[in-house]
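Student: This is the structure I want to talk about, given as structure tokens.
The values are calculated or read from the model by the stated rules, or taken from the named source; none is laboratory data. Only a predicted model underlies this, so the values are computations on that prediction, with no experimental measurement involved. We place every Cβ from the backbone using ideal geometry, glycine too, and count neighbours over all the protein chains shown. Ligands, DNA and RNA are stripped out before the accessible areas are found, and what is left, the full protein with its side chains, is counted by its heavy atoms. Shrake-Rupley method; radii C 1.70, N 1.55, O 1.52, S 1.80 Å.
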Amino acid sequence: MESLKSLLLLLLSFLVFTLVIAEDVNGEKRVLVLKHSDVHGEVGGHSRRCSPSHKSKSSNTGTQNGAITTLEMRHQGRRYHHLNPSQQLLSDEARAQSIQSRAPATAEESAQVPLTSGVKLQTLNYVVTIELAAKKRTLIVDTGSDLTWIQCKPCSYCYSQQDPLFDPTLSPSYHPIPCSSPTCTTLPFSPSSSCATPSSTCAYALSYGDGSYTRGDLARDTLTIANATAEGFVFGCGRSNRGLFGGASGLVGLGRSSLSLVSQTSARFGGVFSYCLPSKAYDSSGSLTLGADYSVFRNETQLMFTRMVLNPRVRSFYMLNMTGMRVGGVGIAVASEGGVLIDSGTVISRLPPSVYRAVRGEFLRQFSAYPVAPGFSILDTCFNLTRYDEVNVPTLRMRFEGDVEVRVDVSGVFYFVKRDASQVCLALARLAYEDDLGIIGNYQQKNLRVVYDTKQSVVGFAEENCSYS
């Protein structure tokens, strides 16, 4: 375990870059500013305009119409618990492979809570803080899961978490769900052997693609998110939990089944939720919003909606019909049979082999002025940018049914493996087979308002600066 902990100490040294959009443009190339500073120096983040003083050590031209967007990497000098980036990406790959094997509402009420990067908790996913039984819990946000669960006492095995373990005996509103309950009898992930008698407590067992799992009892208690309270909320009281959940207390399930947070609160919020994922790892937060009150959004472009696609292999997932991609203005056709999955719990987006080859080839053609570097884990397109103060980055765009086009934020184009920019990788990965499900991961969803309307069966996108503080 000590060797694992020492490996886990690495990620923050690779995620110390604070990504700041300084100028918004419509061009097909953007300038990436690389500030190589002393890693022990304390550096704060702020936005700025591009100025003539920021020049390349090795000059490269190619911006269009003189309009650029600047992404600035600022190195944090503070010490945090670190993560091993290779382990995290391999875990992300396992989740993506597991997915393959499983292969506007009228309500105006809303509840909004801050949503932040989970890096401080040793996870590349995003987290929110909610209350269960009047106690605050920090949970991973996952649109690819249905059941909300937390670690509970007594625990046969619980990983280390930031918050105290939930003790059901201290909550007067806690009620275990018996095996005779319809909630239990229709549960797809309840081991039948656990129900010795109808009065026995309903047990659940969930496994995730990266080998993580949670097992425990199904129960009800009072959940509070922002100013909204849901009494009798069904959740999992985890008694045995293992995996890469970092220091979070558990997970919030935002999938499409009847047990998800979205479904259980649909009478109040109309089956609508949205999020805005911040690009910064520290000192900023985006938001998770329940309800269709769009006035609370801060989107900079108009919301554009595309329909959800029903895939019988993965009914509880949110699937979209992707029709194409663009790299620096060059179009690439995409035939997404069965749809692509949009998922907050997967980090890196996955593309079918033919699409990935086309996107990779066009990106390499437009980025050919820069030296290549060895691949890293699941990322095979990497560059050595140590010689440069700034580089011209081709714009990535995704197109969906209904002429909906989504621009990937510049912070979601590259994955920085090394802090000195000697290994900077295109943040996309290739699927094993053409008929595998494509996945849009959270890395490519940063600085977007993504709206899920389960009643109208649509997903909406708009650009939004998600770093609110």
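Student: Using a 1.4 angstrom probe on the protein heavy atoms only, line up Tyr294, Tyr204 by accessible area, largest first. Numbers along the way, then the final one.
Tutor: Details: Tyr294 65, Tyr204 5 Å².
Result, largest first: Tyr294, Tyr204.
Student: Whole Å is fine, so just give me how far the alpha carbon centre of segment 319-355 lies from that of segment 122-142.
Tutor: 29 Å
Student: At a 1.4 Å probe, what is the % contribution of carbon and sulfur to the accessible area of segment 300-384?
Tutor: Values: 1800 of 3350 Å².
Here it works out to 54 percent.
Student: Need one number: convex hull volume per residue for segment 426-469, Cα atoms only, in Å³.
Tutor: Per-residue hull volume (Cα only) is 111 Å³.
Student: Next question. Between beta-carbons, use under 14 Å as the cut-off and find the net charge around Arg365, counting Lys and Arg +1, Asp and Glu -1.
Tutor: Once all neighbours under 14 Å are counted, the net charge is +2.
Student: At 7 Å along Cα-to-Cβ for each site, give me the label-to-label distance between Val296 and Lys455 in nm.
Tutor: Placing both labels 7 Å beyond Cα along the Cβ direction yields 1.6 nm.
Student: Bin width 10 Å, origin at 0, all Cα-Cα pairs of segment 142-190: what percent of pairs per bin?
Tutor: Calculated P(r), rounded to whole percents: 19, 40, 38, 3.
Student: Can I ask one more? Once the piece of chain linking Leu364 and Ser240 is laid out straight, how much longer is it, given 0.36 nm per residue of separation minus the C-alpha distance between them?
Tutor: Stretched fully, the Leu364-Ser240 segment lengthens by 40.0 nm.
Student: Give me the accessible area per residue for segment 306-449, probe 1.4 Å, as a whole number in Å².
Tutor: Ligands and nucleic acids excluded, the figure is 32 Å² per residue.
Student: Summing +1 for each Lys or Arg and -1 for each Asp or Glu, what net charge is found among the other residues whose Cβ lies under 14 Å from the Cβ of Ile225?
Tutor: Residues close to Ile225 contribute a combined charge of 0.
Student: Give me the one-decimal nm value for the distance between modelled label points at Leu165 and Ala267, 7 Å along each residue's Cα-to-Cβ direction.
Tutor: Calculated label separation equals 3.4 nm.
Student: Here's another thing I want to ask about it. Considering only Cα-Cα distances, which of the following residue pairs are longer than 30 Å: Lys120/Lys153; Lys280/Lys455; Lys136/Lys280; Lys120/Lys418; Lys135/Lys418; Lys29/Lys120?
Tutor: Lys280/Lys455; Lys135/Lys418; Lys29/Lys120
Student: Still on this structure: Starting from the 7 Å offset along Cα-to-Cβ, what nm value, one decimal, do you get for the label separation of Glu405 and Ser173?
Tutor: My value for the distance between the label points is 4.8 nm.
Student: When Lys and Arg each count +1 and Asp and Glu each count -1, what net charge do the other residues less than 13 Å away from Thr129, Cβ to Cβ, add up to?
Tutor: Overall, the nearby charge balance is +2.
Student: Give, in nm to one decimal, the length gained when the segment between Thr197 and Thr185 is fully stretched (0.36 nm per residue of separation minus the Cα-Cα distance).
Tutor: Result for the pair: 3.1 nm of gain on full extension.
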